[in-house]
Amino acid sequence: MRRAKIEEQNGFMLRRQHEFRMAADAVTDAWMAFAEVQAVAVIGSVAKMLWKEVPRFSEFRRAGIEVWHDGWSMPPALHRAPTGSLPNSARIWSAMVCRSPAAP
């Protein structure tokens, strides 16, 4: 496999993680807009530094070539006030879309 193909894949993974981190920031900002939410932490592979591994998809796996990790989980952990109730997910989604830099 050519080095250019490996570098292309690694570049894609780094850009993808950056985009997911921007999305995680939008989700965090949306949750923090509600008084009931006291803290938000994004956990999962998006919150970590990337690491290289032989991936699960076939082209690089067959060649035994390590590229940046391709897991993109970003579940939020919320700490909320003991009183009050969290808003429904439709309000959260609306707040995230309206605050997104990619929103029209």
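Read-outs throughout are calculated quantities, based only on the coordinates presented, and are distinct from any laboratory measurement. Worth saying up front: this structure is predicted, and the values here are computed from it rather than measured. For neighbour counting, all protein chains shown are included, and Cβ atoms are generated from backbone atoms with ideal geometry for every residue, glycine included.
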Query raised in the report: Which of the residues spanning the range 36-59 are in a loop (DSSP other than H, G, I, E, B) and either within 18 Å of the chain's Cα centre (by Cα) or under 12 Å from Gly71 (Cα atoms) (or both)?
Result: Ile43, Gly44, Lys48, Met49, Leu50, Trp51, Pro55, Arg56, Phe57
Query raised in the report: Given the structure, is Asp29 part of a helix (DSSP H, G or I) and among the acidic types (Asp, Glu)?
Result: yes
Report summary line: Residue pairs qualifying under the 6 Å Cβ cut-off, at least six apart or on distinct chains, with the first in the range 32-48 being surrounded by 15 or more Cβ atoms within 10 Å (Cβ to Cβ) and the second being among the aromatic types (Phe, Trp, Tyr), are Val37/Trp31; Val40/Trp31; Val46/Phe20
Query raised in the report: Quick check: is even one residue across the range 11-26 closer than 30 Å to His79 by Cβ and touching a strand residue (DSSP E or B) at 6+ places or on another chain (Cβ under 6 Å)?
Result: yes
